[in-house]
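The values are calculated or read from the model by the stated rules, or taken from the named source; none is laboratory data. Since we're looking at a predicted model, the values are computed, not measured. We place every Cβ from the backbone using ideal geometry, glycine too, and count neighbours over all the protein chains shown.
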Amino acid sequence: MKPMFEKVCIIGVGLIGGSLGMALCSRKLAKRVIGVDINTDELQLAMELEAIHEGSIDPASAAADADLVVIATPVGLTVEMVKKIAPVVKKGCIVTDVGSTKAQIVREAEMLMPSGTFFVGGHPMTGSETAGVKGADRYLFENAAYILTPSAVTDQAAVNAAERLALAVGAKVVKIDPQEHDLMVAAVSHLPHLVATVLVNTVGEIQKDHNDVLMLAAGGFRDTTRVASGQPLMWRDICITNRGKILEVLDRFSNALQETRHFIESCDDKGLESRFTMARELRNTIPAKMRGYLPTTHEIVVTIADKPGAISSLAGCLGANGININDIEILRVREGEGGTIRLALSSEADQEKAIKILRANGVVVKKK
């Protein structure tokens, strides 16, 4: 298959940039992939992991003759990188980014690009607990939403090329106006991080007087605050570049929190119950039953013994019967005894077939 690009330059060879490079190289979507990073150790590791063909510490020289430039730096550096490469990129070059805020970046980047070159805002909605290229995965984009945010003046041919790239690495493309994107991610991504941060810091204040409070932190607290372990500098930049939309969402959240406080203060049992019920019903619509940007998944929960080979045996049983597992998650486990596993399947037919097969093999399974 003919490569989509002769040369791709990826500025910022971390988790997202490294994963994109791996996908490009492994699928031969580009003849040459040049990685740019200030950390030479990251560049060396990226080459060893076959995420790039060669590395550079100079973004301008690396981007000069590229067909595609992907800026995968923290969002606070994106516009600065566009300024550095804009004077040297060749005619027809497409520049895109992977940042989680878009309106400010798209507006400023499009003004900086010289005539005959194009900027397309991008935001792959995927990630990993492991930062840096060491956490990179060529399959990171599989079935992930890859958001493109063209403005009213974005070149359509450039948008089409960015869409083909996202589809080629396995993602599902969603096109959204930059302003709308920033409001939506402020609600479903940025607000949860801020809430988790405030929650952890609040418990930290309580810990000053009650040293053992974190000993009581059960799964609910850990799940709710997991995102607070994110990189502080990255989240600082997100808050600054999406300041307006985050403040708008914070105001809505503050109003809802004050209303809940009022229900508690006034012992309004009906008001509290209605809020809890509303939240439960809305939460139960995601992700398994959600019909929207990503395809519906059909899930089952399986109980298996805690012993070597249990998961591979389970997967082998389904695979032998033509059932592919889209996603797998260990929900909980009791060491030496057993645990429960969530499996996501691609169709309702596979879901029903899997339940029948597993039960016939003595496996405890239920539809989620």
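Checked against (1) over 28 Å from L140 (Cβ atoms); (2) surrounded by 11 or more Cβ atoms within 10 Å (Cβ to Cβ); (3) modelled with pLDDT of 85 or more, D306 passes all but a single condition, namely (3).
Look at (1) surrounded by 16 or more Cβ atoms within 10 Å (Cβ to Cβ); (2) more than 26 Å from C239 (Cα to Cα); (3) of a type in the set (S, T, N, Q) and you find that T96 fails only one, number (2). Considering region 316-368, the residues that are loosely packed, with under 15 Cβ neighbours inside 10 Å and among the hydrophobic types (A, V, I, L, M, F, W, C) include one that is modelled with the lowest pLDDT, namely V333.
Checked against (1) at pLDDT 95 or above; (2) within 19 Å of A162 (Cβ to Cβ), R27 passes all but a single condition, namely (1). In this structure, A158 does satisfy being in contact with a Phe, Trp or Tyr (Cβ under 6 Å, 6 or more places away or on another chain), crowded, with 18+ Cβ neighbours inside 10 Å and part of a helix (DSSP H, G or I).
Rundown of residues vs (1) touching a residue at least 40 places away in the same chain (Cβ under 8 Å); (2) under 14 Å from L165 (Cβ atoms); (3) among the aromatic types (F, W, Y), yes/no style:
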{"site": "V8", "(1), (2), (3)": "yes, yes, no"}
{"site": "V13", "(1), (2), (3)": "yes, no, no"}
{"site": "V33", "(1), (2), (3)": "no, yes, no"}
{"site": "D41", "(1), (2), (3)": "no, no, no"}
{"site": "M47", "(1), (2), (3)": "no, no, no"}
{"site": "V69", "(1), (2), (3)": "yes, yes, no"}
{"site": "A72", "(1), (2), (3)": "yes, yes, no"}
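Only residues that are buried (at least 23 other Cβ atoms within 10 Å of the Cβ) and among the acidic types (D, E) were counted across region 1-54, and they come to 1.
I'm trying to understand the selection: among the residues of region 116-140, which are at pLDDT below 90, assigned to a loop (DSSP other than H, G, I, E, B) and surrounded by 15 or more Cβ atoms within 10 Å (Cβ to Cβ)?
If we filter region 116-140 for residues that are at pLDDT below 90, which is where we start, we get 125-140.
From what's left, assigned to a loop (DSSP other than H, G, I, E, B): 125-132, 136-140.
Scanning region 116-140 gives M125, T126, G127, G132, A136, D137, R138, L140.
Here T96 does not fit the description of being touching a Ser or Thr at 6+ places or on another chain (Cβ under 6 Å) and touching a residue at least 24 places away in the same chain (Cβ under 8 Å). Restricting region 194-234 to residues that are surrounded by 14 or more Cβ atoms within 10 Å (Cβ to Cβ) and among the small types (G, A, S) leaves a set whose member that is nearest to T78 (Cα to Cα) is G230. For region 161-183, taking the residues that are β-branched (V, I, T) and free of Cβ contacts under 8 Å to residues at least 60 places away in the same chain, the one that is surrounded by the fewest Cβ atoms within 10 Å (Cβ to Cβ) is identified as V173. Quick check: anything in region 250-258 over 30 Å from G76 (Cβ atoms) and modelled with pLDDT of 85 or more? Checking region 250-258: at least one residue is over 30 Å from G76 (Cβ atoms) and modelled with pLDDT of 85 or more.
Highlighted here are the helices (runs of 4 or more DSSP H) found entirely within region 220-330 that include at least 3 residues which are among the charged types (D, E, K, R): 243-265, 269-283.
In this structure, A66 does satisfy being surrounded by 16 or more Cβ atoms within 10 Å (Cβ to Cβ), assigned to a loop (DSSP other than H, G, I, E, B) and touching a strand residue (DSSP E or B) at 6+ places or on another chain (Cβ under 9 Å).
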